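Since the structure comes first, as structure tokens, the remarks are kept for the end.
Please treat every number below as a calculation from the coordinates, not as lab data. None of the values given here were measured: they were computed from a predicted structure. Using ideal geometry, Cβ is built from the backbone for each residue, glycine included, and neighbour counts are taken over all protein chains shown.
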Amino acid sequence: MDKVDLKSMTLPKLEAYCASIGLPKFRAGQIFQWLHEKQVDSFDEMTNLSADLREKLKENCFISGISIRRKLVSQIDGTTKYLFEFADGETVESVLMQYKHGYSLCISTQVGCRMGCKFCASTLLGLARSLTPAEMLNEVYMAGKDSGHKISSIVLMGIGEPLDNFDNVMDFLDILSSPKGLNLSLRHVSLSTCGLVEGIYKLMEKKLQLTLSISLHAPNDEIRNQTMPINRKHPIEELLTACREYFRVTGRRISFEYALIEGVNDTPACAQELASRLRGMSAHGNLIPVNPVKERDYKKSSKERIRRFQEILEKHHINATVRRELGSDINAACGQLRRDDKGGGTC
Ligand code: SAH
């Protein structure tokens, strides 16, 4: 029988597992705290379990680990980019950023991505596999341990599409916010999606406190079909209908990501069209100068064009901020480090 990874189990799942091997329920609580509050790496560190019990656990279970394969620290703002490696040799990126209110970690949810967005480096090699809940937790635990900083917010905006790994991401969030674990409120978590509409409705049913971010990046189907293949499956109005419903049911304001690409989606006409699409949605626009990816010839919009875009949105009462660029000297573009490490040589 295959060994099971105890770190991937939510508390109710761990309780059910303990019951299945004849252990009382309180043992699950103890093991959970060792794994997620004290964050131990081995059964031998679980000192309130008897030696016999630790042996029994070792026979049937394991605790998955993570290692730092590369680490880049920005000389400009201290932003730290990790290339993490899992037991099977697969790698993902996480980025630790300092903001006024504390440290924020951007984590990956899959090894690679199959969504195919044209401006994104993460998708160039396709999808290798999804991450387990434990692997996502390990990104958080290791970044915290290595940096010595308390991580106060988490964004699911690294490599991968979180809603394409729905069940594992839900278990990850459950463990992350557990009072017996890191106890991080989901109010401090953002989940970003390219627009998997079924996933948005499923997430809506969970009524979580997190912030949903939609990677919109275009004001109409014509442009979005060219840059984001998902739009051919779920056109923009279908996506926005799901967003309106999400807001109605959860009461949580949605954030819309918009990476400005010179001459593609950054004209005043695009801004007008975007404003009329988002009208009445209680939306927040997050404008990002696109991070150029070598394989594509997209250029980032100039500061003036971005300011003009923002002004038009605000004139139409769409609240919009321009994202501060962090770690520009360590090439924080999504998926570049993993790709370089695989011999792609992008920067
Ligand atoms: N798959 C999810 C989350 C990962 S991508 C999603 O699509 O939302 C995180 C964010 O970075 C998304 O908004 C994505 O569109 C954006 N992004 C990807 N490549 C980028 C680039 N080269 N420049 C700016 N933003 C980029």
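Data for the structure
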read-out: Extension gain (nm, one decimal) between residue 279 and residue 48, 0.36 nm per residue minus Cα-Cα; value: 77.5 nm
read-out: Net charge over other residues, Cβ less than 14 angstrom from the Cβ of residue 3 (K, R count +1; D, E count -1); value: -1
read-out: Normalised contact order of region 69-174, rounded percent, pairs of Cα under 8 Å and 6 or more residues apart; value: 26
read-out: Around residue 132: net Lys/Arg minus Asp/Glu count, Cβ-Cβ under 10 Å; value: -1
read-out: Qualifying aspartates and glutamates (Cα of each under 14 Å from Cα of residue 294; at least 8 residues distant if same chain); value: 340
read-out: Gain on full stretching of the segment that runs from residue 69 to residue 262 - 0.36 nm per residue minus C-alpha separation; value: 66.0 nm
read-out: Packing rank of 127-138, 154-165, where each peptide gets the mean count of other beta carbons within 10 Å, highest leading; value: 154-165, 127-138
read-out: Among 298, 263, 287 - extreme Cα towards positive end, dipole of region 201-347, charges at beta-carbon; value: 287
read-out: Around residue 68: net Lys/Arg minus Asp/Glu count, Cβ-Cβ under 13 Å; value: 0
read-out: Dipole magnitude of the chain, debye to nearest 20 (Cβ charges: Lys/Arg +1, Asp/Glu -1, about Cα centre); value: 800
read-out: CD proxy at 222 nm, helix term only [per DSSP H run n ≥ 4: -39500 (n - 2.57); per residue of the chain; nearest 500]; value: -10500 deg cm²/dmol
